[in-house]
Amino acid sequence: MSEFENNEDTEDEKSFEEKVLEARYKQRFSLIKIAKISIDNGDPHAAIRSFEELFDALSHHHNVKIFDLNPVHIRGKQAVAEKLLLSQAFYNMARLMDLKVDEESQKSVQLYLNQFARFTLNQPYQSMNTRMLFQHLKKTKFRNKEAFDMVYKKIITESKMCFFANYCFGSEHPITTHFRKVKLSLLKSSWGKSIVNTYYNYSGSVVQTLAFIPFISVLLKNIILRPFFFIVYLISRVIHG
């Protein structure tokens, strides 16, 4: 066989592989669903295979390594829903890797958790994901619990979202900025962490619910929440300067 024929065969193989990956990319939501069904059925190996196929297809389609994939790569009408699904795919993969005892798998736990954090921070569904992780930290026995605990703290610490303050005043308002600073101060103590955890676990869900009941939302925002946060802001400024 000539060198030309060898090159032609190689190109055909690459072309076939690319077509397979693109076909998988188009079926990415189905792959996530299949992986979740496998987890529910107690088949972690099948779930891992589905997630690996998903991540290979995403990496090929966006032309980045999977651990370099960023929320900005995800666009379109379903972007928020897709980012939510991907964030939970990364999280579930981290949990699956945590079941393994080999060193390489345990290292990959942190990589998948980093992606979970990247696709969670400052997203509309951040509260949902942090509440899920918080509940798992209380109930699940992780091999690498420190990694899961660290990513939870990372999301809480680095988040720029202050749900009620954002809702009442906007993300760049001085009052919202002030409460972000207060959050960092609270995180220095155990009781402060408890307050911040409770706030993040429930405030986002409340704000999302209010979006579906505009009349109640306007009343609550203008009659209760804005005056309350303004008073707390003034008191805080007096105490902390």
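Of the listed residues Glu22, Glu103, the order by accessible area with a 1.4 Å probe, largest first, is Glu103, Glu22.
Express the carbon and sulfur contribution to the solvent-accessible surface of the chain as a percent, rounded to the nearest whole number, probe 1.4 angstrom. Each step should come with its number before you reach the end.
Details: 8270 of 14300 Å².
Roughly 58 percent of what the probe reaches on the chain is carbon or sulfur.
If you run the Gaussian network model on the chain, springs between alpha carbon atoms under 10 Å, then out of Gln27, Gln135, Gln78 the most flexible one is Gln78.
When shorter helices are ignored and each DSSP H run of at least 4 residues is given -39500 (n - 2.57), the per-residue value for the chain at 222 nm works out to -25000 deg cm²/dmol.
Once you order the gyration tensor axes a ≥ b ≥ c over the Cα atoms, which shape class does the range 112-175 get: rounded for a/c under 1.5, otherwise prolate or oblate by comparing a/b with b/c? Prolate. Under the shape rule built on the C-alpha gyration tensor, where the axes satisfy a ≥ b ≥ c, the range 54-180 is oblate, since a/c reaches at least 1.5 while a/b does not exceed b/c. Within the listed set Ser108, Ser159, Ser185, the Gaussian network model of the chain (springs between alpha-carbon atoms below 10 Å) gives the highest mean-square fluctuation for Ser185.
Mind scanning Lys36/Lys145; Lys83/Lys145; Lys138/Lys183; Lys19/Lys100 and naming the pairs with a C-alpha gap bigger than 29 Å?
Lys19/Lys100
With a ≥ b ≥ c the root eigenvalues of the C-alpha gyration tensor of the range 12-64, is it rounded (a/c under 1.5), prolate (a/b larger than b/c) or oblate? Prolate.
Of Met128, Met93, Met150, the residue with the largest accessible area leads and the full order is Met150, Met128, Met93 (1.4 Å probe). At a probe radius of 1.4 angstrom, the accessible area of the range 54-145 per residue rounds to 50 square angstrom.
Extension gain for the segment Asp43 to Val238, taken as residue separation times 0.36 nm less the Cα-Cα distance, is 64.5 nm to one decimal.
A simple spin-label model places the labels of Glu22 and Trp191 6.2 nm from each other, with each point 7 Å out along Cα-to-Cβ.
Here the spin labels are modelled as points 7 Å beyond Cα on the Cα-Cβ line, and at His173 and Ser105 they lie 4.9 nm apart.
The values are calculated or read from the model by the stated rules, or taken from the named source; none is laboratory data. All figures in this text were calculated on a predicted structure; none of them were measured in a lab. Note: ideal-geometry Cβ built from the backbone for every residue, glycine included; neighbour counts use all protein chains shown. Side chains are part of the model used for accessible areas, which takes the heavy atoms of the whole protein and leaves out ligands, DNA and RNA. Shrake-Rupley method; radii C 1.70, N 1.55, O 1.52, S 1.80 Å.
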